[in-house]
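The structure appears below as structure tokens.
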Amino acid sequence: MASIHLNDVSVDFVLYQGSARSLKKTLLRSSTSGALKHDAHHRITVKALNNLSLTLEHGDRIGLIGGNGAGKTTLLRVLAGVYEPTGGRIRVEGRVTPLFDLGLGLDMDASGYDNIRMRAAYFGIDRDEIERKMEDIAAFTELGDYLDLPVRTYSAGMTLRLAFAAATAVDPEILLMDEWIAVSDVQFLEKAQRRAEGFVNRSSIMVVASHVESVLQRLCNKLLWLERGSIVRIGPVDEVLAAYHNHTSHTVTGNGTGVAESAP
């Protein structure tokens, strides 16, 4: 059974190391939204995640909310194994399928069919399984004979269809998404949305970061609100959204300028 356990997980990034004079200039120019710190060695670090403890089990559909710099993308990349925690411990049970960039890793000189096979291998799917699914994937792309040609001959829309079909052919245990899957091809959109929701339903655990509330309400059963790398609240979708709206409305209007005093 898939599960995720985070115990006091922190992630620090060193933004700068140099002289005291340059340190001052860097601090003045910095637009990073995390918690900035500098020490006696003139290092600037940002605490992207701050002692997060979290347990996710089978059936959890978690939406991540918070402003820019809240730590949503960092958390997703920690769960995917892209970033190593600088503090605390993480244990992930189950195969992780990260969908951060659909087109990442496509070989433009290989055919559409070979790219589907390579993507399946990347996600740990054996060759026999992907060959059983190949007819369905090919039909979904609607690319026909183009699947025998190098991807460099495809238009941008055709490339996206290929990447989307290949990525959603797997049966994920732990699904990680940074923003909901979007397809610009209007004729393909409805079909893609149905396939993507079926993909989500096949997962054991899903974690998605999104600014689109309708997506969070449709897909998630919990929300995790992050602010400056720390957990503010976790709970039912409507309750957390209401608390988040209340917080953001107060920060925007509280100083009388229409500008938030602090960005989460």
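The values are calculated or read from the model by the stated rules, or taken from the named source; none is laboratory data. These figures come from a predicted structure and were not determined experimentally. Cβ sites come from the backbone with ideal geometry, for glycine too, and all protein chains shown count toward neighbours.
Only residues that are in contact (Cβ under 8 Å) with a residue 24 or more places away in the chain and farther than 12 Å from ALA167 by Cβ were counted across region 120-141, and they come to 5. Answer yes or no: is there a residue in region 198-221 that is part of a loop (DSSP other than H, G, I, E, B), in contact (Cβ under 8 Å) with a residue 12 or more places away in the chain, more than 29 Å from GLY67 (Cα to Cα) and β-branched (Val, Ile, Thr). So far as region 198-221 goes, no, none of its residues is part of a loop (DSSP other than H, G, I, E, B), in contact (Cβ under 8 Å) with a residue 12 or more places away in the chain, more than 29 Å from GLY67 (Cα to Cα) and β-branched (Val, Ile, Thr).
Per this entry, ILE44 is counted among residues that are more than 22 Å from LEU6 (Cβ to Cβ), in a strand (DSSP E or B) and not assigned by TED's automatic domain parsing to the domain that holds THR159. Being at pLDDT 90 or above and either within 29 Å of LEU49 (Cα to Cα) or surrounded by fewer than 17 Cβ atoms within 10 Å (Cβ to Cβ) (or both) holds for only one residue in VAL151, VAL215, VAL237, VAL200, and it is VAL237.
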